[in-house]
Each structure stands twice: as structure tokens, then as C-alpha cells.
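Comments concern the structure below.
The values are calculated or read from the model by the stated rules, or taken from the named source; none is laboratory data. Only a predicted model underlies this, so the values are computations on that prediction, with no experimental measurement involved. Cβ placement follows ideal geometry from the backbone for every residue including glycine, while neighbour counts extend to all protein chains displayed.
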Amino acid sequence: MLNKIKRKMKRGLLLSQVADEISVVDGTTKATVRPATARHYRDTCLRMIEFLGGDEYVESITREEYAEWHEWLATRGTSPITTNNYRRCMRAIWNHLADRKIAVCDIEGITKLISTPVQKSRAIEEHHLQSILQVACVRDAAIILYMASAGFRRQTVGRITVADTHIWPRPDGQYKIISRIPAEKTSPPRVILGDHEPALACKLWLSIRKHQDSPWLFNSTQGGGPLSAGAVSSIFRNIRDRAGLPARMNINAHALRHRFAQQMLDETDARTVSQWMGIEVDTLLQVYAFRSENELIRKRFGEIPPDW
């Protein structure tokens, strides 16, 4: 049985390791993809494994099976954009395998992309931001202002500690706030930075909060523990309802992250912004840098034409 498995491994295609094989330097072929791209390839291979019923070792894949996987992706409930990304990734994987002289089926003409709706900006509108700040309590206003100024994730809210946070006044009277946060997702430990308004809001919150001995900057008002990502989402939903804003509006933590990315890209380079946000430059430019029509017009001409 062991020899049979070894023979199968030798002549078969181990899908779970395809991304690693593509990105490895084998002495004759240089690495052709970056780590972030390899992660996308690996995730796409997992979708193929799921389609094959969990079988990582594949003797061969026919054109018919590849086409069936292609259509199966569209039945999983994922968005057209995500489905198209999987299809593009697998096409790229197949091309890489063919370059490595690994026998794969011919996929010419199979990969077709789904038409996608016109993308809309996911950043929170400025007037909506002001509306929710008007009805937020001190702690929640501090969270909103810090997230808007630093662009961190909702999961980060519960990881910021008082000990790793520094608030200080500058000679011009403007306060600043800096917090060190641990590694999360694919980003290493880093600092998040806030300007005058979030610094003052956090300073006020620390002075009036009930659980003064809590090590967490944004602690729960119940027991003093850290806020979970779900709790942060609930905070935004409750504030949105109190402000009388409809659920379809971008009133959530991620909308603040999009707003931060778009504003900072107007002021500095993409590499710096990506490090502030803890993401790859490609992700920043593909996901967060989208501009609406009005934003594009205003960015070019400085104003929106009358009656537009």
C-alpha cells in the first residue's frame, strides 16, 4: 500500500502543494510569483480539492472536469468578482504548470469571466461619519475617530492595550496617539497612528471609563474585558440605527478602513499606506483604492460641475 501511495504521489498532481511548487526555486527555474500571489494560488487549489471531494492527489484532470469546476464555482454563492478571481488564478496556475513541463489538460477556451456590476466605493461618506459621531458615546466616538485616523481592522480594536498606547501634546498644541499592536492575519506587529481628534477622544475615555484597571484601551463597559470583532460590528449597527441611517449605507468599521486608504493615497505613496494598514500593496490598490465617479471628477478638476 505504501509503495502504491508513493507511486501515485510521484506521477499525480498534489494540488495542496501546487502553489508552493510554483513559487519555489528548484535550481533551474527562478521563483515566478510573490508570497501573496502564492497564497491566492493555494486558496484556489483548495477550491479545486473541495470540488474533487477532498482528494488532494489527482492522476489527471480532463477538460470536462476543468469546465465542470469552472461552472461549480458559480454555484457556491460567492460574488462574481470572487468567482472571476478563482478562474483567473487557476488559469495562471495551469500556465505555470505547463511552463514546468507538468502534464495538465488543455484549457484553451474554457476560462470565461462573469460580467460584474459596476463597482461602488465602500468608503463611508463624510456626512454619514459626522452623523454617527453625533450620537455615539465617548468610548464609541473614540473608536470611530481612531479607526478613521489609523485605518485598522475591527479585530484590532480589542487588541490595543493601554500600556502600548502613547498620547502626547506637540508644541503646536495638537495631540497625537500611537499604539503598538501584535501581528494579525498576514501583517507583522506594527504601530497605528492617530491625529488630534482621536487622541483627545481616547484621552477623555481613559479618564472617565468605569474599569480604570482594565489593560485594554477600548474595554467592555460590562466586565472591562477586550471588545470582540462581533461587538465592534454591533456598536456600528446600533449607532447607525440611532442616527436614523438605512442599513444599505456603508456604516461599518470596514468603511472607515476604505476611507482611510483613499485619503492617505492622496497624500503619500502606496508602500507607506500599505504598511500603515498591514496589507500588501496589491491588495491596497485592487481593493481599497477604488474611486467613485464624483471622486474622480473632483480629483481632476477640484469640483463637481453644476447639475451633474
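For segment 52-90, the set of residues classified as β-branched (Val, Ile, Thr), under 17 Å from Ile107 (Cα atoms) and part of a loop (DSSP other than H, G, I, E, B) consists of Ile61, Thr62, listed by residue number. Would you mind stating whether Ile143 is modelled with pLDDT of 80 or more and of a type outside the set (Lys, Arg)? For Ile143, the condition - modelled with pLDDT of 80 or more and of a type outside the set (Lys, Arg) - is met. Applying the criterion of being acidic (Asp, Glu) and modelled with pLDDT of 80 or more to the residues of segment 66-122, the residue that is nearest to the chain's Cα centre (by Cα) is Glu71. Across segment 24-51, which residue is modelled with the highest pLDDT among those that are of a type in the set (Gly, Ala, Ser) and assigned to a helix (DSSP H, G or I)? Filtering first and then ranking leaves Ala38. Residue pairs whose Cβ atoms lie under 7 Å apart, separated by 6 or more positions or on different chains, with the first residue in segment 236-253 and more than 12 Å from Ser131 (Cβ to Cβ) and the second among the charged types (D, E, K, R), are Asn250/Arg122; Ala253/Arg154. Do we have any residue at all in segment 284-294 that's more than 20 Å from the chain's Cα centre (by Cα), closer than 17 Å to Ser121 by Cβ, without any contact (Cβ under 8 Å) to a residue 40 or more places away in the chain and not in a loop (DSSP other than H, G, I, E, B)? Yes, segment 284-294 has at least one match.
Taking the criterion of being of a type in the set (S, T, N, Q) and either modelled with pLDDT under 80 or surrounded by 17 or more Cβ atoms within 10 Å (Cβ to Cβ) (or both), would at least one residue in segment 52-60 satisfy it? Walk me through it before giving the result.
To start, the set of residues in segment 52-60 that are of a type in the set (S, T, N, Q) comprises 60.
Applying the additional criterion that residues be either modelled with pLDDT under 80 or surrounded by 17 or more Cβ atoms within 10 Å (Cβ to Cβ) (or both) yields 60.
Checked against the condition, which is being of a type in the set (S, T, N, Q) and either modelled with pLDDT under 80 or surrounded by 17 or more Cβ atoms within 10 Å (Cβ to Cβ) (or both), segment 52-60 yields at least one hit.
Across segment 175-211, the number of residues qualifying as of a type outside the set (Gly, Ala, Ser), at pLDDT below 95, exposed (fewer than 13 other Cβ atoms within 10 Å of the Cβ) and out of contact with any strand residue (DSSP E or B) (no Cβ under 7 Å at 6 or more places or on another chain) comes to 4.
Scanning segment 194-235 for residues that are of a type in the set (Ser, Thr, Tyr) and closer than 16 Å to Leu129 by Cα yields a count of 1.
Only one entry in Tyr86, Tyr146 is surrounded by 15 or more Cβ atoms within 10 Å (Cβ to Cβ), within 30 Å of Asn250 (Cα to Cα) and in contact with a Leu (Cβ under 7 Å, 6 or more places away or on another chain), namely Tyr86.
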